């Protein structure tokens with residue numbers, strides 16, 4: 001049975017001045033899957049995520065999220081999606097608990113004690129129940145990523161966007177974060193759209209992916225990343241998944 005598409009991107013293009021980042025980007029994300037946007041540096045992964053969540057109107061094309069046109073007048077679904085930005089973007093003057101409470105303060109009329117209890121539950125979901133009173137400067141990079149995910153979960157959104165969740169983390173911490181994403185998908189039934197170029201994470205968590213390429217200015221592959229790794233005929237796709245130089249770059253100086 002075909003699952004409902006919770007994200008639908010059609011013919012997206014983004015240009016900055018005369019420079020085209022990508023064009024004709026079209027894909028769907030099905031409810032309940034972990035969908036990864038991957039590719040090398042500078043291909044437009046984070047730019048594409050910003051378009052999908054409503055922060056950057058595309059030069060061309062259309063974005064629908066949870067059945068809503070993200071750029072239609074009057075549309076605001078910020079309380080139905082959760083976003084973890086690449087740096088975590090925690091507020092340094094707030095404790096972890098206060099950071100997670102912030103979306104509840106902005107989008108609900110819950111009393112303060114109820115907000116605090118719910119925020120504590122979200123921190124517990126990501127393994128930070130004992131760190132609620134800590135400040136962002138007092139925690140590790142991996143803990144900051146988990147706290148940012150807890151904040152993204154604050155409003156129980158059906159759809160979460162994670163931008164480079166494993167960036168800058170050691171392999172063990174990164175593997176723990178991958179496990180957390182899969183556990184949350186299983187336990188909460190949420191859909192995840194993850195931007196990353198971390199090969200180990202892609203193969204660990206992704207149900208499907210699209211691969212962007214800077215030279216091609218768009219999508220060069222779509223599907224199960226394990227199938228793409230083993231069966232793709234495209235040199236750039238094979239090179240990415242096998243951590244090899246493309247044939248035309250094999251003899252280039254380092």
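The values are calculated or read from the model by the stated rules, or taken from the named source; none is laboratory data. Since we're looking at a predicted model, the values are computed, not measured. Here the Cβ is made from the backbone with ideal geometry for all residues, glycine too, and neighbour counts use every protein chain on show.
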Practice task
Would you please name the residue that is nearest to residue 150 (Cα to Cα), looking only at residues in the range 120-135 that are within 22 Å of the chain's Cα centre (by Cα) and assigned to a loop (DSSP other than H, G, I, E, B)?
Solution key: 126
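Table: residues versus (1) on the phi < 0 side of the Ramachandran plot; (2) in a loop (DSSP other than H, G, I, E, B); (3) modelled with pLDDT under 95; (4) surrounded by 13 or more Cβ atoms within 10 Å (Cβ to Cβ).
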site: 166; (1), (2), (3), (4): yes, yes, yes, yes
site: 177; (1), (2), (3), (4): yes, no, yes, yes
site: 193; (1), (2), (3), (4): yes, no, no, yes
site: 200; (1), (2), (3), (4): yes, no, yes, yes
site: 239; (1), (2), (3), (4): yes, no, yes, yes
site: 244; (1), (2), (3), (4): yes, yes, yes, no
Exercise for the section: Please verify whether the range 75-82 includes one or more residues that are crowded, with 22+ Cβ neighbours inside 10 Å and in contact with a strand residue (DSSP E or B) (Cβ under 6 Å, 6 or more places away or on another chain). Expected result: yes
Practice task
Would you mention how many residues in the range 85-97 are over 20 Å from residue 116 (Cα atoms) and buried (at least 16 other Cβ atoms within 10 Å of the Cβ)?
Solution key: 3
Practice task
Examine the range 8-28 for a residue that is touching a strand residue (DSSP E or B) at 6+ places or on another chain (Cβ under 6 Å) and closer than 19 Å to residue 153 by Cα, and state whether such a residue exists.
Solution key: no
Completion exercise
The condition from (1) touching a strand residue (DSSP E or B) at 6+ places or on another chain (Cβ under 8 Å); (2) buried (at least 21 other Cβ atoms within 10 Å of the Cβ) that residue 126 misses is numbered (1)
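Here is a yes/no grid of residues against (1) buried (at least 21 other Cβ atoms within 10 Å of the Cβ); (2) touching a helix residue (DSSP H, G or I) at 6+ places or on another chain (Cβ under 6 Å); (3) closer than 28 Å to residue 180 by Cα; (4) in contact (Cβ under 8 Å) with a residue 40 or more places away in the chain:
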residue: 25; (1), (2), (3), (4): yes, no, no, yes
residue: 30; (1), (2), (3), (4): no, no, yes, yes
residue: 38; (1), (2), (3), (4): yes, yes, yes, yes
residue: 44; (1), (2), (3), (4): yes, no, yes, yes
residue: 54; (1), (2), (3), (4): no, no, yes, no
residue: 58; (1), (2), (3), (4): yes, yes, no, yes
Completion exercise
Given (1) surrounded by fewer than 18 Cβ atoms within 10 Å (Cβ to Cβ); (2) within 20 Å of residue 65 (Cα to Cα); (3) in contact with a strand residue (DSSP E or B) (Cβ under 9 Å, 6 or more places away or on another chain), residue 189 misses just (3)
Completion exercise
Filtering the range 202-237 down to residues that are at negative phi, without any contact (Cβ under 8 Å) to a residue 60 or more places away in the chain, surrounded by fewer than 17 Cβ atoms within 10 Å (Cβ to Cβ) and in a strand (DSSP E or B) yields none
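Residues that are over 19 Å from the mean Cα position of the chain (by Cα): find the strands (runs of 3 or more DSSP E) completely inside the range 1-119 holding 1 or more of those.
Values: elements: 5-16, 19-30, 34-39, 60-65, 81-84.
Fully inside the range 1-119 and qualifying: 5-16, 19-30, 60-65.
Taking the conditions exactly as written (farther than 27 Å from residue 185 by Cα and either at pLDDT below 90 or outside any loop (DSSP other than H, G, I, E, B) (or both)), does residue 254 satisfy them or not? Break it down stepwise before answering.
Working: farther than 27 Å from residue 185 by Cα: yes; either at pLDDT below 90 or outside any loop (DSSP other than H, G, I, E, B) (or both): yes.
Answer is yes for this residue.
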